[in-house]
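Report on the following structure.
The values are calculated or read from the model by the stated rules, or taken from the named source; none is laboratory data. Just so it is clear, the model here is predicted, and its values are computed rather than measured. So basically every Cβ, Gly included, is an ideal-geometry build from the backbone, and we count neighbours across all protein chains shown. We work out accessible area using only protein heavy atoms, side chains counted, and drop any ligands, DNA or RNA first. Shrake-Rupley method; radii C 1.70, N 1.55, O 1.52, S 1.80 Å.
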Amino acid sequence: MRISTTTLESFRLFMDPEHDWFQEQELLDTIAGRFTGNHKVWLGQAFGAVLETPDLYRVPNGYRVSGLRGCPETFNFADDVMGPALALIDRPHAVFEAKAVGQFCGHDVVAKADQMVGADIIETKTTLSTFDFDKYATGYQWRFMADIFQSARITYHVFCLFESESDGGVIELRSVESFNLYPYAALRQDCEALVRQFVDYVTVKGLVLLLDARQQAAA
């Protein structure tokens with residue numbers, strides 16, 4: 001099988017009893033590649049697009065992203081919002097959207113890093129909620145990336161945003177939370193265990209052909 005780390009993370013959330021808000025239908029939609037988008041995801045994509053190619057979205061006093069990947073919304077980011085984020089990027093050396101494939105239990109796992117600088121992985125996230133360190137640290141995407149890219153350090157920059165509904169959707173930057181995550185001795189075994197559980201799940205549920213069709217379409 002060929003499995004993305006996004007799909008594996010969705011499976012992990014579904015299997016975790018503490019995340020009972022994550023319903024099986026959401027996992028099935030992820031496996032099938034069905035996603036219609038939502039405001040929070042589009043906001044994060046727009047923010048990331050500016051980080052990657054700021055000149056493309058530059059307007060007076062800020063940045064504007066419209067129609068990105070079929071998104072029906074337009075996002076405006078002022079200089080005081082994007083400035084601290086852009087200052088964290090090692091522009092001459094950063095490689096954006098770095099992609100690699102690793103083998104786990106005989107299956108291909110596809111990982112994509114937001115940025116790589118040398119051997120270091122840098123992930124940039126946005127949130128409209130209160131910063132929650134465990135939300136990122138307990139995830140498995142960074143673990144697969146650490147193994148596949150053989151990275152000794154994964155740095156997260158989480159941009160905590162506030163969006164005023166009463167003021168025309170003005171976006172403000174509340175804080176930037178940065179932290180590092182590191183590989184550990186049992187990381188490979190933990191990743192393999194999750195892959196085995198996922199393979200068992202799609203096999204029992206009869207979803208192998210659905211997964212294969214999604215991966216062929218993505219390719």
Can you tell me how much longer the chain between Cys105 and Asp55 gets when fully stretched, taken as 0.36 nm per residue apart minus their C-alpha distance, in nm with one decimal?
13.7 nm
When you take every Cα atom in region 59-130, what is the radius of gyration, and what is Dmax, the widest Cα pair distance, in Å?
16.1, 52
A 1.4 Å probe over the protein heavy atoms gives the chain a carbon and sulfur accessible-area percentage of 51 percent
Considering amide H positions built from the backbone, and no H for Pro or chain starts, which residues 5 or more places from Asp120, or on another chain, come under 5 Å of its amide H?
none
Expressed in nm to one decimal, what extension gain is obtained for the pair Phe133 and Gln216 from 0.36 nm per residue of sequence separation less their Cα-Cα distance?
26.4 nm
May I ask for the Rg/Rh ratio of region 127-219, computed from Cα atoms with Rh as the Kirkwood radius, given to two decimals?
1.11
The relative contact order of region 5-77, taking Cα pairs under 8 Å that sit 6 or more residues apart, comes to a percentage of 19 percent
Region 1-84 - Debye-derived log10 I(q)/I(0), Cα point model, q = 0.17 Å⁻¹
-0.80
Would you mind checking which residues have amide H under 5 Å from Thr126's amide H? H placed 1.01 Å from N; only 5 or more apart, or other chain.
Phe159
So what is the accessible area of the chain per residue, in Å², with the probe set to 1.4 Å?
53 Å²
Report the normalised scattering of region 43-170 as log10 I(q)/I(0) at q = 0.11 Å⁻¹, calculated by the Debye formula with identical scatterers on the alpha carbons.
-0.45
With only alpha-carbon pairs counted, each pair once and no self-pairs, how large is the Kirkwood hydrodynamic radius of region 111-160 in angstroms?
11.3 Å
Leaving ligands and nucleic acids out of the surface, order Met1, Met145, Met15 by accessible area at 1.4 Å, largest first.
Met15, Met1, Met145
Gained length - His39 relative to Arg69, 0.36 nm times residue gap less alpha-carbon distance
9.5 nm
Past the 26 Å Cα-Cα mark, which pairs from Lys125/Lys205; Lys135/Lys205; Lys99/Lys135; Lys40/Lys135?
Lys125/Lys205; Lys135/Lys205
Extending each Cα 7 Å along its Cβ direction at Gln25 and Leu207, get the distance between those two points in nm, one decimal.
1.5 nm
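Consider all pairwise Cα distances in the chain and report the whole-number % of them above 22 Å.
Here the tail beyond 22 Å accounts for 55 percent of pairs.
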Evaluate the distance, in nm, between pseudo-label points positioned 7 Å from the Cα of Val170 and of Asp90 along their respective Cα→Cβ axes.
3.7 nm
